[in-house]
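Written out below as structure tokens is the structure these notes cover.
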Amino acid sequence: MSYDNLRALPVYKKALELCHMSREIASYVSLNKDLMKLYQSNSHRDTIANSLLTDAILIPKKIASAEISGCHLERMKSASFINIMIRNINSYCNGLENDGVKEKEYLNLLRKEIKIFRRSFKKWRNSFPDGGTNYFN
């Protein structure tokens, strides 16, 4: 699959939107404004923001690798990994809330974006030859 075809894929577009929103929220809530050095921080909030950003970045990469791969098992593994990343991002939202982030409306916007992404993700996963069900059941 070419990069142009990948960018036309609805689930990939949603993953990029989720990634962008996660980056903005991580930048906003972190104490260290240099996102490239969040992993070096001793702050719990920065650790959560770094994890949020890392997992959000991995989602479009996994979609791309699943689309490029001709192997059904690899596609299913990528879909399973993405499922885990989605759950993680929801947990990071809860962690940021528990850490005292006052602007909960931003976290709620991210949660809403996750729900929208999840719908697109399920449609994409169900487009797999067996409907994406054998691996998840």
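The values are calculated or read from the model by the stated rules, or taken from the named source; none is laboratory data. Predicted, not measured: the structure shown is a model, and the values here were computed from it. Cβ coordinates were reconstructed from backbone atoms using ideal geometry, including for glycine residues, and neighbour counts include every protein chain displayed. Side chains are part of the model used for accessible areas, which takes the heavy atoms of the whole protein and leaves out ligands, DNA and RNA. Shrake-Rupley method; radii C 1.70, N 1.55, O 1.52, S 1.80 Å.
In the range 1-81, the portion of solvent-accessible area held by carbon and sulfur atoms comes to 56 percent [1.4 Å probe, whole percent, DNA, RNA and ligands not counted].
Dipole of the chain computed with +1 at Lys/Arg Cβ and -1 at Asp/Glu Cβ about the Cα centre; of S120, L52, A64, farthest Cα towards the positive end is S120.
Compute the acute angle (0 to 90°) between the alpha-carbon long axis of helix 104-126 and the principal axis of greatest extent of the alpha-carbon atoms of the chain; round to the nearest 10°. Taking the Cα atoms of the chain, the angle to 104-126 is about 10 degrees. May I ask you to compute the full-extension gain from K112 to K37, defined as 0.36 nm times their residue separation minus their alpha-carbon distance, rounded to one decimal in nm? Computed gain between K112 and K37 is 24.2 nm.
What FRET efficiency do you get for S65 and R119 if R0 is 25 Å and r is their Cβ-Cβ distance, rounded to the nearest 0.05? Working from the Cβ atoms, E equals 0.70. Solvent-accessible surface of the chain, averaged per residue with a 1.4 angstrom probe and all protein chains in place: 56 square angstrom.
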